[in-house]
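Colleague: This is the structure I want to talk about, given as structure tokens.
The values are calculated or read from the model by the stated rules, or taken from the named source; none is laboratory data. What you see is a predicted model; the values in this text were computed from it and never measured. Cβ placement follows ideal geometry from the backbone for every residue including glycine, while neighbour counts extend to all protein chains displayed.
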């Protein structure tokens, strides 16, 4: 009885489907029907790979293209290059003398500073041969830099500040500094603020637009002829140079020098330093050979003997880090820290690091 009921239920849908004009599927007929319901794949058809799919409007689904790792790397490399070149162009340098050709005279809309493409006025014009489209680098002269290691003459180059002022800078009183001249004079630290382009040249004054801004541009900032910065750090190929020097200053007067910091050294293109040259920053540790009572015996100071009277034995140089030259001046160079093992400081010695080319 159950078997008859099952067969009846099976034939009812078939009869109704026939009544509605749908052909029944038996044997070969089933194969034909399915071929009409589902598109078959023929030799003339071309299968679309998933990585070439597109997003269909309002479909609610998306096919994700295959990631092009080379394109992604290229994009980020280009972005990093742009950031690096901006950092290098804004690195500044040290120079003993720099004569400005003009200065920023007024800011548009009475602003105190300009960090974007705002209009400014400069105190140069047609009288100096200025034309529309001329570009100038905006800069300021930061504090004067003296060598932290090499001595200078007692009253050499002290017009920037008095002895007492210098004493406060290095943590000594004016009396302590009286017999301690500053180190060898090096030059002013130059801070680059941006680039201006003349939009309209007047007789004595001209209007200009800030096309590049690294620092705030303010009234009184100085101008010099614009020279496009080009990253040449990959051009150095000399490997047989022998150059030694010192770190003489840092940008922003950083005390603890680490990775990616901008520093200045006391060697320049006159010393065969070129952009791309690498230097090791090192120190020479020492061991005191004398015990405390031996130091007292050698000293005429009964209570506080001088530490200089100790017998010190130098050890092997210890590498603190590595720097790469960005740009050079005649007697100085600007560099960036590319490797930092231990914090470095002003006065640390440096030595040229030869390049090792494969093969």
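Colleague: I need the strands (runs of 3 or more DSSP E) fully contained in the stretch 271-343, keeping only those with at least 2 residues that are modelled with pLDDT of 80 or more and within 20 Å of residue 258 (Cα to Cα).
Modeller: Correct list: 278-283, 318-328, 333-340.
Colleague: Given the criterion in contact (Cβ under 8 Å) with a residue 40 or more places away in the chain and closer than 14 Å to residue 332 by Cα, identify the matching residue among 280, 244.
Modeller: On inspection, the qualifying residue turns out to be 244.
Colleague: Can you tell me how many residues in the stretch 188-204 are crowded, with 18+ Cβ neighbours inside 10 Å and more than 24 Å from the chain's Cα centre (by Cα)?
Modeller: So the answer is 2.
Colleague: Condition first: surrounded by fewer than 22 Cβ atoms within 10 Å (Cβ to Cβ) and farther than 16 Å from residue 89 by Cα. Now tell me which residues in the stretch 321-347 satisfy that.
Modeller: Those that are surrounded by fewer than 22 Cβ atoms within 10 Å (Cβ to Cβ) and farther than 16 Å from residue 89 by Cα: 322, 330, 331, 338, 339, 340, 341, 342, 343, 345, 346, 347.
Colleague: Residues to consider are 260, 288; find the one that is surrounded by fewer than 16 Cβ atoms within 10 Å (Cβ to Cβ), in contact (Cβ under 8 Å) with a residue 24 or more places away in the chain and within 15 Å of the chain's Cα centre (by Cα).
Modeller: 260
Colleague: Scan the stretch 217-233 residue by residue and report those that are modelled with pLDDT of 90 or more and in a loop (DSSP other than H, G, I, E, B).
Modeller: Once the filter is applied, which keeps residues that are modelled with pLDDT of 90 or more and in a loop (DSSP other than H, G, I, E, B), the stretch 217-233 yields 218, 219, 220, 221, 226.
Colleague: Being surrounded by 15 or more Cβ atoms within 10 Å (Cβ to Cβ), assigned to a loop (DSSP other than H, G, I, E, B) and at pLDDT below 95: is that true of residue 236 here?
Modeller: When the stated conditions are applied, residue 236 passes them.
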